[in-house]
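Just below is one structure, and these are the notes that go with it.
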Amino acid sequence: RDPIIRYGAMYGLALAYCGTGSNKAIRILLHTAVSDVSDDVRMASVIGLALVLHKTPERVPELVRLLLESFNPHVRYASCMAVGIAMAGTGDAESVSLLEPMLTDMADHVRQGALLGTAMIYMQQSDTCNHRKIKTFREKLANLISDKHQTTLTKMGAILATGLLDFGGRNCALSLGSRNGFTKMTSAVGLVLWLQHWHWYPLMHMLSLAVTPTVTIGLNKDFKYPKKFEIQCNAKPSAFAYPKKLEEKKEEKKKRVETVTLSTTAKNKARLARKRAKEEAETGEGGEGAAMDVDKKEEEEEGKDEKKDGMDVDGGDDADKAAEETKPKKKREPEPTSFRVSNPARITTAQADACAFDLSQRYRPVRPEEKPYGVIMLTDSTPGEEEDLGAVKTPAQEDEADPPEPFEWTPPGHPDHPDTVLGNDESAAAETGKDTAEETKSEAKEE
């Protein structure tokens, strides 16, 4: 009868059958998702589907398709999260199209779930993914974060989605299984703990347990990596490239527009000059010669202006066309269809399918039939030659901060809590201040 017990039972069932694809567990979870009276229990049961089917993720969008149209907003939120968890890091266009209508849902927490689910799908994807729709999704996130009229839950979802897209410097992916197909218990537990941020937000940090670094590194017998070992990738470099970094928009300085002198103003100036010349002639200072000179100068200036205007009108277009023709057009070089990856490097799960070992080089893998992904042990075909090696620094060799001094934690409101102690001191000081003020008043009255 207690919904909290049923809520825990749904997550317990999902973790017990994690990665098994058990039809019995799926039947129970689906039945609970449509029949339970508690919204939280229904939400947990839908998310549990992604855990049970994480080894066959393409089944999750098919199961959840109808639940995305449910009248219950909690079920819609959970459906978005289930699709995101199952298809994380794949960039699947069909899954993204399923979540697109949820981005404009009436309920703010459903919009949050759609943002998080879409960000999980787009993890470690380049700008060319899904016909460059990932770029528009990033712009949408930036607009939501800066929009003052968005609700708190939607804005929180946009902030978390931005972090998911760039998780670990874009070198980590959400994965519940190892490269050999085994379910990782820490990843599954970390993901379930992270999902509880719905109830207690500090559990957001637990997502770091669920992600896996997508590093590929070849090591020799001494656990040092040869710098000359390379892997062949039979795909275009842009298909798996890092997204471009955001650039700050530079404020353009406003240029002062030159004031245009109109023909009427020029005529007015000429008229004033004639008047001055006449006045000077009448007074005898300039005479007729000055007036004649002014008139001639005005006629010459007007003629020059007319010639300039005519030249601009006649030859402006031709000059622009000639300048455009003389400019050399830059030719786009065709992008190479393959490239070589150095050691160590980031190779995503999707990229590993397009990569292959080059067995003609000096360093060769011990197991060449495996995918070039993760830690690869290498053999040296010419051990007598000099080696260019690099060593990986362990965390113990890096400078770390000193551990904090031992302390006792007391909750707020406890008598020993610092805030309550300070409050008591302030109240005591206030009381002593009142006493001293009353004493001074009484002394003054007696005098």
Please list 3J(HN,Hα) in residue order for the range 116-130, calculated via the Karplus relation 6.51 cos²θ - 1.76 cosθ + 1.60 where θ = phi - 60°; whole Hz, with x for glycine and proline. 5, x, 5, 5, 4, 5, 8, 4, 6, 9, 7, 5, 8, 5, 6
With an 8 Å Cα cut-off and a minimum separation of 6 or more residues, compute the relative contact order for the range 90-214 in percent. 22 percent
Could you work out the relative contact order of the range 54-160? I mean the mean sequence separation of Cα pairs under 8 Å and 6+ apart, divided by the number of residues, in percent. 25 percent
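Given a Förster distance of 25 Å, report the FRET efficiency between Ala391 and Ala235 from their Cβ-Cβ distance, rounded to the nearest 0.05. It would help to have the intermediate numbers written out before the result.
Working: r = 30 Å, r/R0 = 1.22.
For R0 = 25 Å, the calculated efficiency reads 0.25.
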Filtering chymotrypsin sites (Phe, Trp or Tyr not before Pro) in the range 341-421 by DSSP loop and by at most 14 other Cβ atoms within 10 Å leaves Phe407, Trp409
Run the simple label-point estimate for Asp416 and Met106 please: 7 Å along Cα→C-beta, distance reported in nm. 5.3 nm
Name the long-range amide H neighbours of Gly218: under 5 Å, sequence gap of 5 or more, or other chain; modelled H, no Pro or chain starts. Ile376
Filtered trypsin sites (Lys or Arg not before Pro), the range 1-70: DSSP coil and at most 11 other beta carbons within 10 Å: Arg1
Positive-pole candidate from Gly84, Cys129, Pro101, dipole of the range 61-144, charges at beta carbon: Cys129
Loop-located chymotrypsin sites (Phe, Trp or Tyr not before Pro) in the range 1-94 whose Cβ has at most 15 other Cβ within 10 Å (DSSP): Phe71
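Which value, in debye to the nearest 20, gives the size of the charge dipole of the range 58-185 about its Cα centre, when Lys and Arg are +1 and Asp and Glu are -1 at the Cβ? Intermediate values should be presented prior to the final figure.
On the way: 14 positive and 12 negative charges, 60 e Å.
Computed charge dipole of the range 58-185: roughly 280 debye.
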With θ set to phi - 60°, apply the Karplus curve 6.51 cos²θ - 1.76 cosθ + 1.60 along the range 381-391 and write out the HN-Hα couplings as whole Hz, x wherever there is a Gly or Pro. 6, 10, x, x, 7, 5, 10, 9, 10, x, 10
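Starting from the eigenvalues of the Cα gyration tensor, five times each then square-rooted, give me the equivalent ellipsoid semi-axes of the range 1-68, largest first, whole Å.
Details: eigenvalues 72, 37, 14 Å².
Equivalent ellipsoid of the range 1-68: 19, 14, 8 Å, largest first.
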Integer Hz, Karplus 6.51/-1.76/1.60 couplings in order for the range 354-370, x for Gly and Pro: 9, 9, 8, 7, 9, 7, 8, 8, 5, 9, 10, x, 5, 10, x, 7, 7
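No lab work stands behind these numbers, since they all come straight from the coordinates. As the structure is a prediction and not an experimental result, all values here were calculated from the model. Don't worry about glycine lacking a Cβ; one is built from the backbone with ideal geometry, like all the others, and counts go over all protein chains shown.
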